[in-house]
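Engineer: Input: one structure, supplied below.
Since every read-out is calculated from the coordinates, none of them should be taken as a lab result. Keep in mind the model is a prediction, meaning the values are calculated, not measured. Every residue, glycine among them, receives a Cβ derived from its backbone with ideal geometry; neighbour counts consider all protein chains shown.
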Amino acid sequence: MAKKKKRNLQWYKMDLHLHTPASADWQEPGVSYLDLLHKAEMQGLDIIAITDHNTVAGCAALQAEIEKLSLLEELGRIEAHEQRQLEEYRRIGNRILVLPGFEFTATLGFHVLAVFPTDTSIRKLEHLLIELNVPGDRLDEGATEVGATSDVLTAYRLIDEAGGLAIAAHANSSHGVALRGLDFGGQTRIAYTQDRHLHALEVTDLEKRGRRTTAWFFSGRKPEYPRRMHCIQGSDAHRRSRDPRDHNRLGWGDRVTEILLPECSFAAIRDVFLEDDFSRTRPYRPTEAPYDHVQAAREEGPSIVQAFHESMTMRGGRLHAILRDVVAMANTNGGTVYVGVKADPKALPVGVSDPEEAISTLKAEIQRKVQPPLDVDITTVESHGRPVLQLSVPMGDDLPYAIDGTTIYLRQEAETNVAVRDEIVALVKQTVESEPPEAAEPAEEADNQTGAVEPPRTGVQIVDTEERKGTAYHAMKDLRNGNTVRNVTRSSARKLWRYAITQHESNPVQAKKVQWNSENERLGLWKSSKRAGKVRYDLVQKMPNGELHVYYGVTEDGIDGAWRIFLEE
């Protein structure tokens, strides 16, 4: 399929989470629908969605008012003040894209935004609400609770199949599917945030940076959450203007997302959420300098999903290094490669002197050297006023990918490495086998029955060692994906593997010297140290049979659940 060319792109201000008086918890009485549209215009919004609780009564009321005024005009019975109202509706309608939708309350109280094209009929949306088990006699209430409704995954699917956008509302906050501390299984949380029918996560911390943010958590770094999610923000406004007594009660357009589009249309918005270019949405900051997402990425540093290259010259192998990262990311979790900047956030970008020629060269080299064909989106972005190339690499669906048909690479932590035999076998199996998600649940239950805790999600474990002719050969388990690579020696090992083998051979774990956790005496800390800019932990788990499992080089990314006690310490 031909790739759409990105021309004449423009940033538009978008708020896809707005309530009206049709919601039962509306907080500002006496406000008309025209007042709300005027507020949206005053806030400089280009795109809005009306998303009342479990109802489209607000959308219907707005549509009915415009139709009534239009009919009066057609019959010649319209009064002067009504004519002015109709002209205002038309003027703002030409200025702002108004999308119909609703905020659905799914089973267990999770909220899901559903946003649709402008020509979607009210009857179709009401039919969808009934299909989601909202009682027909409660369709006009606008209540947050409407009884037993459909589950989250069913809501995502039905909204998507009906042609709408399914967005997890305030995902990291109250009634959000990604709120930490909720008492439901890990497999359920993964499904609720990684489902293919879910288009985006609405979050409340989009303007924050760092490793504790929701966008960072769902950036594809965590092996159990490999799908990178589009994250946006919305006002979730239940009033026209911000409450002067409580600034947390936002008004229309008080928390806005900017989206880069070729045209202001629903189809263009949907295309952004279906693509892997995560630079086309950003938080709108009216009083600050333009948001530099490249600089923000550099501050996070190289990782499993992003890499940086200052130049792409063939001399010195720099162009080949870019291709290696592209192939490695396609074989792993996907990701983004930046060209024209160092990873060091303090160094000014050198930029790319001729972006068009550089893009042409990269596309030609990827087409010539990467097999099977891989569709990498390459765009020019700015950082500190200098042009930088951004390569958006999708997670491949025809694994494994190779350079020149022979060399296969994988992304591990912030490094790209040549895949060894067992890893190549795992990639091939990943393509030809389709294991259902439910298969992981019985093993998880079995672990709980034996009192064991799930291993960390990063680092490596030495699961077996065999000595042959005086040389120790180890079986290394990658805790990110569960793959086991055998016949690894100290001399053939990669950095983390070599560290683990060196520790295993020269400084084996002694149970009496482990710092065991007082709350769970089966979990312990052997040592921690800072390497390559990250604190890495060597963790120990005492199994029910007394065997010690040692997890080397675990980073904060992979420490969840009961293991987090060591982070707090």
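Engineer: Give the calculated FRET efficiency between residue 315 and residue 38 to the nearest 0.05, with a Förster radius of 56 Å applied to their Cβ-Cβ distance.
Structural biologist: Efficiency, from the Cβ-Cβ distance: 0.40.
Engineer: Same structure again: With the contact rule set at Cα under 8 Å and sequence spacing of 6 or more, what percent relative contact order holds for the range 298-430?
Structural biologist: Computed over the range 298-430, the figure is 30 percent.
Engineer: Can you tell me the 0 to 90 degree angle between the C-alpha axis of helix 33-42 and the longest principal axis of the chain, rounded to 10?
Structural biologist: On a 0 to 90 degree scale, this one is about 60.
Engineer: So what's the convex hull volume per residue for the Cα atoms of the range 196-345, in Å³?
Structural biologist: About 151 Å³ per residue, rounded to a whole number.
Engineer: Give the label of the value calculated from the structure for semi-axes √(5λ) of the Cα gyration tensor in Å, choosing from [x] 48, 29, 20; [y] 50, 25, 17; [z] 69, 28, 26.
Structural biologist: Recomputing semi-axes √(5λ) of the Cα gyration tensor in Å here picks out [x].
Engineer: Still on this structure, I have one more. Calculate the dipole size of the chain relative to its Cα centre from +1 charges on Lys and Arg beta carbons and -1 charges on Asp and Glu beta carbons; express the result in debye to the nearest 20.
Structural biologist: Here the chain has a charge dipole of around 2680 debye.
Engineer: Ranking request for peptides 369-377, 38-46, 53-61, 352-360: highest mean number of other beta-carbon atoms within 10 Å first, then the rest in descending order.
Structural biologist: Final packing ranking: 53-61, 38-46, 369-377, 352-360.
Engineer: Rank-order 298-306, 326-334 by packing density, defined as the average count of other C-beta atoms within 10 Å over each peptide's residues, highest first.
Structural biologist: Working: 298-306: 20.4, 326-334: 26.0.
Result, highest mean Cβ count within 10 Å first: 326-334, 298-306.
Engineer: Same structure again: Filter the cross-link list 222/530; 222/469; 222/512; 222/527; 124/208 down to pairs whose alpha-carbon distance in this structure exceeds 28 Å.
Structural biologist: Check vs 28 Å cut-off fails for 222/469; 222/512; 124/208.
Engineer: I would also like to ask the following. Among the lysines, which have Cα under 18 Å from the Cα of residue 39 when same-chain residues fewer than 8 positions away are ignored?
Structural biologist: List returned: 13.
Engineer: While we're looking at this one, here's another question. Taking the Cβ of each residue in 473, 537 as the centre, tally the other Cβ atoms inside 10 Å and list the residues starting with the fewest.
Structural biologist: Exposure proxy ranking, most exposed first: 473, 537.
Engineer: If I take all pairs of Cα atoms in the range 298-430, what percentage of them are more than 21 Å from each other?
Structural biologist: Distances greater than 21 Å cover 36 percent of the Cα pairs.
Engineer: Also, quick follow-up: Once you keep just the Cα pairs under 8 angstrom separated by 6 or more residues, what percentage relative contact order results for the chain?
Structural biologist: It rounds to 10 percent for the chain.
Engineer: Using label points projected 7 Å from each Cα along Cα→Cβ, tell me how many nm separate residue 473 and residue 263, to one decimal.
Structural biologist: 6.2 nm
Engineer: Say R0 is 56 Å: what FRET efficiency, to the nearest 0.05, do residue 124 and residue 453 get from their beta-carbon distance?
Structural biologist: My answer for the efficiency is 0.70.
Engineer: Can you give the FRET efficiency to the nearest 0.05 for residue 361 and residue 194, using r as the Cβ-Cβ distance and R₀ = 41 Å?
Structural biologist: Efficiency, rounded to the nearest 0.05: 0.70.
Engineer: Determine the gain in length on full extension of the stretch residue 211-residue 75; use 0.36 nm per residue of separation and subtract their C-alpha separation, reporting nm with one decimal.
Structural biologist: Length difference between fully extended and current span is 42.8 nm.
Engineer: If you line up the long axis of helix 57-75 against the longest principal axis of the chain, both from Cα atoms, how many degrees apart are they, to the nearest 10?
Structural biologist: Tilt relative to the chain: about 30 degrees.
Engineer: Continuing with the same structure: Could you give log10 I(q)/I(0) at q = 0.08, 0.11, 0.16 Å⁻¹ for the range 10-291, computed by the Debye formula over C-alpha point scatterers of equal weight, without solvent?
Structural biologist: Ignoring solvent entirely, the Cα scatterers give -0.32, -0.61, -1.32.
Engineer: Can you list the residues of the range 386-403 with backbone N under 18 Å from a point 7 Å past the Cα of residue 368, pointing along Cα to Cβ?
Structural biologist: 402-403
Engineer: Still on this structure, please answer the following. Largest first and in whole Å, give the semi-axes of the range 484-535's equivalent ellipsoid, each being the square root of 5 times a Cα gyration tensor eigenvalue.
Structural biologist: 25, 15, 10
Engineer: Here is a further query. More than 22 Å apart: what percent of Cα pairs in the range 452-568 qualify?
Structural biologist: Numbers: 2051 of 6786 pairs.
Roughly 30 percent, rounded to a whole number.
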